[in-house]
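Note sheet for the following structure.
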């Protein structure tokens, strides 16, 4: 199963969606922004496609010659004007404690392909990173500590009594820990 394998927003790809805003609740967290603001174009055919705040997107594909011994991912970052930047990433060399948006997307797609993370949890990876500031120019260069971010988000979900969210982030933390400590 790939990242878009269950009925998620990623199944409605290759379409443009305006941001409708998040759910409004009484438990708002000050200074917290979600990373899905603006209008995005997502691309069909990849393992996953994520919108960037400037209207671009990153899409992860298996590279030519992909195998268990050579799990290279091809990550294509597209601007809103469809200018493209392509990277080949070995997800086994990605450090979740210091990774770019494109690197963490490649790692997440790999973990889902290897059945070490479920696709629903994979969609949450990176929530809060850059507070909606991932752009075409920064997707391959700006580094974030996605491991720490997942732990913070897990704790926030617990504090808000959102146990479903807590469990989902706990799965991300466990997958990252197992990946980091694989020896």
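The values are calculated or read from the model by the stated rules, or taken from the named source; none is laboratory data. Note that the structure is a prediction, hence the values are computed from the model and not measured. Every residue, glycine among them, receives a Cβ derived from its backbone with ideal geometry; neighbour counts consider all protein chains shown.
One residue stands out in the range 40-53 among those that are at pLDDT below 85 and in a loop (DSSP other than H, G, I, E, B): the one that is nearest to the chain's Cα centre (by Cα), namely 52.
Residues in the range 123-152 that are at pLDDT below 85 and outside any loop (DSSP other than H, G, I, E, B) were compared, and the one that is nearest to the chain's Cα centre (by Cα) is 129. Just one residue in the set 101, 151 is free of Cβ contacts under 8 Å to residues at least 40 places away in the same chain and under 19 Å from residue 180 (Cα atoms); that residue is 151. With respect to the conditions (1) more than 18 Å from residue 43 (Cα to Cα); (2) buried (at least 18 other Cβ atoms within 10 Å of the Cβ); (3) touching a helix residue (DSSP H, G or I) at 6+ places or on another chain (Cβ under 7 Å), residue 165 lacks only one, and its number is (2). Regarding the range 87-107, can at least one residue be identified that is touching a strand residue (DSSP E or B) at 6+ places or on another chain (Cβ under 7 Å), surrounded by fewer than 20 Cβ atoms within 10 Å (Cβ to Cβ) and not in a loop (DSSP other than H, G, I, E, B)? Yes.
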